[in-house]
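**Student:** Sharing a structure with you now.
Please treat every number below as a calculation from the coordinates, not as lab data. Not measured: the values here are computed from a predicted model. Don't worry about glycine lacking a Cβ; one is built from the backbone with ideal geometry, like all the others, and counts go over all protein chains shown.
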Amino acid sequence: MLHTIAAFDRLGEENAFAVLARATTLAHQGRDIINLGIGQPDFKTPQHIVEAAIKALRDGHHGYTPANGLLATREAVVRRTLTTTGVEVSPESVMILPGGKPTMFAAILMFGEPGAEILYPDPGFPIYRSMIEFTGAAPIPVPIREENGFAFSAEETLALITPKTRLLILNSPANPTGGVTARDEIAKLVKGLEKHPEVAILSDEIYDVMTYDGETHCSLLNFPELRDRLIVLNGWSKTWAMTGWRMGWSIWPNGEKGAYLYDKVRKLAVNCWSCVNAPSQYAGIAAID
C-alpha cells in the first residue's frame, strides 16, 4: 500500500488550475480579475454548438455512448482531419475522449515503466512530465530554445534517443511558447526516426489552427512512414472554445499494433470514464460541420 501511495506522490500538477481556483475565489469576492493562467479562449462557445447540445438533450440523448465515442462523432473527426491535413483516416482509429489529457495519460501509461525513457518538450505542458514520472519512467527533456523560434530541433531531439527510449512527445504549435516547427525540420526528424523504429510518437496538435504571423502547422499525419507508431492528440477545447465540455479526440496507429493499442485505450475508458456524454458529442459534431 505504501508503495502505491509513493507512486501517487510522484504526480505533479498543472499550476494553471491553482491559479484558476485563486482567481475564481477573488472574483467571488467582487474583485475584477483578468486570469492569464489557463488556456481558456477569449470567446464563448459558438451558439449553434450550444444549441446542438440542447437539441440532443431534448431529443432524448441522455444515456451511455460507446466507450470509443459515437460513430457519427468519429466520422466528423475523419472529415475534419481530411480537411485540415489532406489525410484520410479510419473512424476505427479515432477515439473520442473527455478532453486532451486522457490521450496523454493513456499513451504515457502504455509506454512508461521503470527503466524506460520518454522524451518530452521543455518548456512544455506540465502534465507530460508529471505522467512520465508517475509511471516510473525517466523524463528526458527536449530543449525548446528561443533562438529556434521555440521550435524543436530535429538534431537535438534525435541525439537524445537511446535504446531505453519508448516514446517521443512532440507539440507544435507549442504550449506555452506558441512556437511552430517548420515542415522541413519535422521532415528531418522523421528521416532520423527511421533508425529508431521501436520509438512511438505522441504528437499533441490541439493548437493546430492557432498559428500567426504567416506560420503554418504541419501535422505528423502527413508522414505516412510514421503511421504505424503515431498517436495524434487533438480536440475541441481550443478551436471552438469548448474547454468545459471536455471533448477531445485522438487518432491511433495503423496496422495490427495500432489496433492492439486502440483496444487497450477502449478498455481503459471502460474502466475509468466509461464514455463521453452524448450531448457534448452532438455539440462536437455541430462544431466540425
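**Student:** What is the distance in Å between the Cα centroid of the stretch 28-73 and that of the stretch 242-263?
**Tutor:** 20 Å
**Student:** Here is a follow-up. So which residue, out of Thr84, Thr135, Thr103, gets the largest mean-square fluctuation from a GNM of the chain using Cα contacts under 10 Å as springs?
**Tutor:** Judging by the Gaussian network model, the answer is Thr84.
**Student:** Out of Gly248, Gly30, Gly115, any idea which swings most in a Gaussian network model of the chain, alpha carbons joined below 10 Å?
**Tutor:** Among Gly248, Gly30, Gly115, the largest mean-square fluctuation in the Gaussian network model of the chain belongs to Gly30.
**Student:** Also, quick follow-up: Please compute P(r) over all alpha-carbon pairs of the stretch 27-177, binned at 10 Å starting from zero, and give each bin as a whole-number percent.
**Tutor:** 9, 24, 32, 24, 10, 1
**Student:** So for Glu205, Glu92, fewest C-beta neighbours within 10 Å to most, what's the order?
**Tutor:** Details: Glu205 24, Glu92 14.
Ordered by Cβ neighbours within 10 Å, fewest first: Glu92, Glu205.
**Student:** Which whole-Hz couplings ³J(HN,Hα) result when phi for each residue of the stretch 146-157 is put into the Karplus expression 6.51 cos²θ - 1.76 cosθ + 1.60, θ = phi - 60°, listed in order with x for Gly and Pro?
**Tutor:** Residue by residue, the stretch 146-157 yields 4, 5, 9, x, 6, 8, 7, 9, 4, 4, 5, 5 Hz.
**Student:** Pull up the DSSP beta bridges for the stretch 47-288 and report the antiparallel fraction as a percent, rounded to 5. Walk me through the intermediate numbers first.
**Tutor:** Working: 8 of 26 bridges.
Percent antiparallel among DSSP bridges in the stretch 47-288 is about 30.
**Student:** Can you list the residues, at least 5 places off or on another chain, whose amide H is less than 5 Å from the amide H of Val142, using H built in the peptide plane?
**Tutor:** It is Tyr120, Asp122, by chain and number.
**Student:** Continuing with the same structure: Quick one: Trp236, Trp273, Trp245, fewest Cβ neighbours within 10 Å first, how do they rank? Don't jump to the answer; show the numbers that get you there.
**Tutor:** On the way: Trp236 28, Trp273 15, Trp245 25.
The order, fewest Cβ neighbours first, is Trp273, Trp245, Trp236.
**Student:** Quick one: if you stick a label point 7 Å off each Cα along the C-beta vector at Thr24 and Glu256, how many nm between them?
**Tutor:** Rounded to a tenth, the inter-label distance reads 4.8 nm.
**Student:** Hey, another quick one. What is the order of Leu20, Leu230, fewest Cβ neighbours within 10 Å to most? Present the calculation step by step, with values, prior to reporting the outcome.
**Tutor:** Details: Leu20 15, Leu230 23.
In order of increasing Cβ crowding within 10 Å: Leu20, Leu230.
**Student:** Just to be sure I understand: with springs between alpha-carbon atoms less than 10 Å apart, which residue in Arg227, Arg74, Arg31 has the highest mean-square fluctuation in the Gaussian network model of the chain?
**Tutor:** For the chain, modelled as a Gaussian network with Cα springs under 10 Å, the answer is Arg31.
**Student:** Still on this structure: Excluding Lys164 itself, what net charge comes from residues whose Cβ is under 11 Å from its Cβ, given Lys and Arg +1 and Asp and Glu -1? It would help to have the intermediate numbers written out before the result.
**Tutor:** Details: positive: Arg166; negative: Glu113, Glu117, Glu198.
It works out to a net charge of -2.
**Student:** What is the sum of charges around Leu202, taking Lys and Arg as +1, Asp and Glu as -1, for the other residues whose C-beta is under 13 Å from the C-beta of Leu202?
**Tutor:** Details: positive: Lys101, Arg166, Arg229; negative: Asp204, Glu205.
So the surrounding residues net to +1.
**Student:** Right, something else. Too long at a 25 Å Cα-Cα cut-off: which of Lys164/Lys191; Lys101/Lys191; Lys164/Lys264; Lys164/Lys257? Mind showing how you got there, number by number?
**Tutor:** Working: Lys164/Lys191 20 Å; Lys101/Lys191 28 Å; Lys164/Lys264 22 Å; Lys164/Lys257 20 Å.
Table pairs above 25 Å Cα-Cα are Lys101/Lys191.
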